[in-house]
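Asks: Below: one structure in structure tokens.
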Ligand code: NAD
Ligand code: UGA
């Protein structure tokens, strides 16, 4: 199939593109190569996608000719966006509205006139829940983001739903829960912790480390994308949690990393940061019922794989 992956140079988009290519699809990747984190890493991600069936377009979804970009595309995976919960305050907010809301709306509009389209998958986020009303959190629970980033991801998700209900667009929104693994963004916890451990530097923890996350391994996230894109029992407008089932605290992660590293870590407990939720935890009954998908990589194994990757490149 001919598949568009937006944000193809990023963490999730590059891994998703590789998997699609390995399964024989043609992938058109698009990315603006924003400098939120090192552009060199995005270039390296792209260099790792070695396939004659990969076409890359460097450009902005807010400006490109989308009719041209989408010609003949059968599936869209919309991974492009401005991520990061803690940096979405202040002046940078306009980046979040532009990349997460406006670009999504523009892509949805273009998709409505694409007669080849079979599926539009949107990368949503656990951050739309905020401090949820219960754990594990279900898709029907009230979204109440605590970061401006979460507000923009929720707005994007609502737009996706509107294009399903008003124009019959075959959309699915996947709410990813803290994705980790080889290639994880350099602003995210595990990559920062591993880099500091390798270089004997201090790991800064925001708060007392008791905050809990449902960390999800990258291959599982990629698998969930394929499951909903090719699944036959996924109604238009569906929304699913994609969570790894690892409800652990940041302190638990540090203990695990100490074992993997084989030496004590230098840890500095700092102020908590606005925008961080205390806990995430996703119920995945719905995606399992619709597609059979279930997370497969336990945290200890996934963290070890990310550590081994980090030793080579961080
Ligand atoms: P990433 O920053 O590595 O990748 C996103 C890519 O989108 C970047 O390379 C960026 O240059 C590109 N981009 C941004 N605006 C663009 C535009 N207007 N046009 C074209 N390209 C543009 O982030 P990631 O961690 O791979 O996340 C991918 C998606 O998943 C994002 O939408 C993010 O909000 C969502 N998400 C990620 C996580 C996670 O833990 N990584 C969790 C929940 C949701
Ligand atoms: C992550 C992504 O960064 C968001 O883009 C995404 O939308 C979100 O997951 C999600 O699930 O929706 P976050 O959970 O903050 O956000 O992921 P990490 O950056 O890996 O942080 C995990 C925990 O470690 C947080 O509690 C954070 O406060 C803590 N942390 C992070 C530190 O203590 N120190 C650091 O240097 C980095």
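Asks: Whether any residue in the range 38-51 is closer than 19 Å to residue 117 by Cα, more than 22 Å from the chain's Cα centre (by Cα), more than 16 Å from ligand 2 (Cβ to nearest atom) and surrounded by fewer than 16 Cβ atoms within 10 Å (Cβ to Cβ) is what I want to check.
Replies: No, there is no match, as no residue in the range 38-51 is closer than 19 Å to residue 117 by Cα, more than 22 Å from the chain's Cα centre (by Cα), more than 16 Å from ligand 2 (Cβ to nearest atom) and surrounded by fewer than 16 Cβ atoms within 10 Å (Cβ to Cβ).
Asks: From the residues in the range 244-278 that are more than 26 Å from residue 174 (Cα to Cα) and out of contact with any helix residue (DSSP H, G or I) (no Cβ under 9 Å at 6 or more places or on another chain), which one is farthest from ligand 2 (Cβ to nearest atom)?
Replies: Ranking the qualifying residues of the range 244-278, first place goes to 262.
Asks: Something else about it: List pairs: first residue in the range 5-17 and closer than 11 Å to residue 46 by Cβ and in contact (Cβ under 8 Å) with a residue 40 or more places away in the chain, second residue more than 6 Å from ligand 1 (Cβ to nearest atom) and part of a loop (DSSP other than H, G, I, E, B) anywhere in the structure, Cβ distance under 8 angstrom, at least six positions apart or on different chains.
Replies: Partner pairs satisfying both residue conditions: 8/49; 14/8; 14/48; 14/49; 14/183.
Asks: Any idea which of (1) within 13 Å of ligand 1 (Cβ to nearest atom); (2) in contact with a strand residue (DSSP E or B) (Cβ under 7 Å, 6 or more places away or on another chain) is the one residue 25 doesn't satisfy?
Replies: (1)
Asks: In the range 72-108, which residue that is free of Cβ contacts under 8 Å to residues at least 40 places away in the same chain and surrounded by fewer than 14 Cβ atoms within 10 Å (Cβ to Cβ) is nearest to the chain's Cα centre (by Cα)?
Replies: Checking each candidate, the answer is 94.
Asks: List every residue pair whose Cβ atoms lie under 6 Å apart, where the two residues are 6 or more positions apart in sequence or sit on different chains, the first residue falls within the range 178-190 and is farther than 14 Å from residue 299 by Cα, and the second residue, located anywhere, is part of a loop (DSSP other than H, G, I, E, B) and more than 7 Å from ligand 2 (Cβ to nearest atom).
Replies: Cβ pairs passing all conditions: 185/37; 186/37; 187/37.
Asks: Can you pull out every residue in the range 173-205 that is crowded, with 17+ Cβ neighbours inside 10 Å and away from ligand 1 (no atom under 14 Å from the Cβ)?
Replies: Result: 193, 194, 196, 197, 203, 205.
Asks: Which pairs have Cβ atoms under 7 Å, sit 6 or more apart or on different chains, and link a residue in the range 59-71 that is away from ligand 2 (no atom under 16 Å from the Cβ) to one that is in a loop (DSSP other than H, G, I, E, B)?
Replies: 59/32; 60/32; 61/80; 70/114
The numbers here are math on the coordinates, done by the rules we state, and not lab data. Please read all numbers here as calculations on a predicted model, not as lab measurements. Every residue, glycine among them, receives a Cβ derived from its backbone with ideal geometry; neighbour counts consider all protein chains shown.
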